[in-house]
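Asks: Dropping a structure here in structure tokens format, bear with me for questions.
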Amino acid sequence: MDTNFTPSTEQIAQTKQKIDAYIHSIDANSDHRSGAYPYYQFHEAGEAIRGTVLIFHGFSNKPHQMSRLADYLFRNGFNVYQATLAGHTFIPADKYWPQVDLKPEIANPLREKVQNDPVLQNFFANLAADPGTFRRPGYRQQIALVSRLLTIEPRLLDIMKAIELDNDRDFEEYFISSDMNYLKDARDRLAELDAMPGPIYTIGLSVGGSVALGLAADKPERIKRVVAYAPLLKVYGVERRQYVMLAGPLDISELGWDPSLRFPVGCFTGADRFGSFVRNPNNVHILRDIPTFLVLTQNEDAADLDTNQEFFEDIGGDRNGHRCYLYSSGDMVPHPMVDPTEVSQQMSNRFWQSLYQETFHFLTAGEIDPDNMSNVDQDPNLPQVPPVNRP
């Protein structure tokens, strides 16, 4: 692969100036979120690089989630820009994060019904009584909540259909949405790299994976390849999806990976709707020509696996130069599969070093070795990934 891209002092300075200005704008907002800063790792002027990787973290998380991967790619010839997802630099989430809301003339009467319903108020009181352990309603809780909402307001069923179907004509009759802020913000982050020579590669996890794909479809002339780890192209599970669609626009909230962080379920609705944008025929057509590596797991609890696999085939699959790897259920790899210290469903990814190697492999050669992906021992022919405890 050509590594003769040598950024000049001026090109690096221009890029840093733009990113630093963005970081300063975050500091100027009193609602800025602790630790949710974007950052960059650039090689010295005159050093040959392989290109620049623009990385997007997962939903409700921060750029540090991908720091080990960023360090590995930087040490092996890439410049790296760790972006923050749209709105995730600030809290409260209901003010800043992309989401879907019912229009006030519809939402307010529904909220009044919810507030006046003794059954639902008892349910919410039980949740509030133990906030330290509550993250999201369990499977049966979600089914029960949906059933109760439909009992007090049957027209929610028709409203749900308007958001459940991609590009439904009735959506704008019921909803307002800021889901496209994911793309608008990603465009701004990409524009900060305008002065940097060489190709741009996008990498993302979960919602960040759908942003990496959506940005590539939006700017195919600038982005050379995409790596998307379990992109949230559609919320996982029929019951979970119904819960998100019905409860989301009613100000019902959940806890994220940080116990002190609450966000409206409508933020998941917004992520789901942005996934619909990524899957629209125009974007699928464009992405057929941008080599993409999808990494999926059978132990999904966030991104719908069937939707991701269908998307892979829609963009042309292996025959179009794309690659896909699916961790089996027995591999015990969870949805947040990138950082080895991140635990979900009592699982973490013990194959993380091979995952980093094959990410590098794909970015540099457009290929992957499936045998290496399922191996806890690293490929000696690829750059080695240091262990977690390395100083």
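Asks: Under a plain spin-label model, where a point goes 7 Å from the Cα along Cα-to-Cβ, how far apart in nm are GLU112 and ALA45?
Replies: Calculated label separation equals 6.5 nm.
Asks: Please grab the % of Cα pairs in the range 300-365 that end up more than 17 Å from each other.
Replies: I get 51 percent for the Cα pairs in the range 300-365 exceeding 17 Å.
Asks: How about LYS161: which aspartates and glutamates have a C-alpha closer than 17 Å to its C-alpha, ignoring those fewer than 8 places off in the same chain?
Replies: Qualifying aspartates and glutamates at Cα under 17 Å: ASP101, GLU153, ASP170, GLU172, GLU173, GLU239, ASP272.
Asks: About its Cα centre, what dipole magnitude does the range 213-356 give when the only charges are +1 on Lys and Arg Cβ and -1 on Asp and Glu Cβ, stated in debye to the nearest 20?
Replies: Value, rounded to 20: 440 debye.
Asks: Another one. On a 1.4 Å probe surface of the protein chains, which of ASP318, ASP304, ASP179 comes out largest in accessible area, and what is the full order?
Replies: Largest accessible area first, the residues go ASP318, ASP304, ASP179.
Asks: Same structure, new question: Which value, in Å², gives the accessible area per residue of the range 79-234 when a 1.4 Å probe is used on the protein heavy atoms?
Replies: 43 Å²
Asks: Sticking with this structure for a sec: Kindly state, as a whole number, the per residue volume in cubic angstrom of the convex hull around the alpha carbon atoms of the chain.
Replies: For the chain, the hull spanned by Cα atoms encloses 142 Å³ per residue.
Asks: A follow-up question, please. Using helices alone, I'd like the mean residue ellipticity at 222 nm for the chain: each DSSP H run of four-plus residues gives -39500 (n - 2.57), total over residue count, nearest 500.
Replies: The per-residue figure over the chain is -12500 deg cm²/dmol.
Asks: Let me ask something else about it. Rounded to the nearest whole Å², what accessible area per residue is found for the range 251-391 with the 1.4 Å probe?
Replies: Accessible surface, normalised per residue, equals 41 Å².
Asks: So, by mean Cβ neighbours within 10 angstrom, what's the order for 40-46, 84-90, 331-337 with the highest one leading?
Replies: Those peptides, ordered most packed to least, come out 84-90, 331-337, 40-46.
Asks: Which order do ILE368, ILE19 take when ranked by solvent-accessible area (1.4 Å probe, heavy atoms of all protein chains), largest first?
Replies: Greatest to least solvent exposure: ILE368, ILE19.
Asks: Something else: Between ALA13 and SER34, how high is the FRET efficiency from 1/(1 + (r/R0)^6) when r is the Cβ-Cβ distance and R₀ = 25 Å? Nearest 0.05.
Replies: That gives a FRET efficiency of 0.30.
Asks: Just list whichever of LYS103/LYS219; LYS62/LYS103; LYS95/LYS184; LYS62/LYS219; LYS16/LYS62; LYS18/LYS219 have alpha carbons separated by over 22 Å in the model shown.
Replies: Cα-Cα > 22 Å for LYS103/LYS219; LYS62/LYS103; LYS62/LYS219; rest within.
Asks: Follow-up. What part of the accessible area of the chain, given as a whole %, is carbon or sulfur when the probe is 1.4 angstrom?
Replies: 48 percent
Asks: Next up: So how do 239-248, 319-328, 53-62, 201-210 stack up, highest first, on mean other-Cβ count within 10 Å?
Replies: Ranked by mean Cβ neighbours within 10 Å, highest first: 201-210, 53-62, 239-248, 319-328.
Asks: Provide, for q = 0.20 Å⁻¹, the log10 of I(q)/I(0) from a solvent-free Debye sum over equal Cα point scatterers in the range 20-70.
Replies: One equal scatterer on each Cα of the range 20-70 leads to -0.85.
Asks: Need one number: % antiparallel among DSSP beta bridges in the range 203-361, to the nearest 5.
Replies: Here the antiparallel bridges make up roughly 30 percent for the range 203-361.
Asks: Antiparallel versus total DSSP beta bridges in the chain: what percent is that, nearest 5?
Replies: 30 percent
The values are calculated or read from the model by the stated rules, or taken from the named source; none is laboratory data. Note that the structure is predicted; figures quoted are calculated from it, not measured. We place every Cβ from the backbone using ideal geometry, glycine too, and count neighbours over all the protein chains shown. With ligands, DNA and RNA removed, areas are computed over all heavy atoms of the protein, side chains included. Shrake-Rupley method; radii C 1.70, N 1.55, O 1.52, S 1.80 Å.
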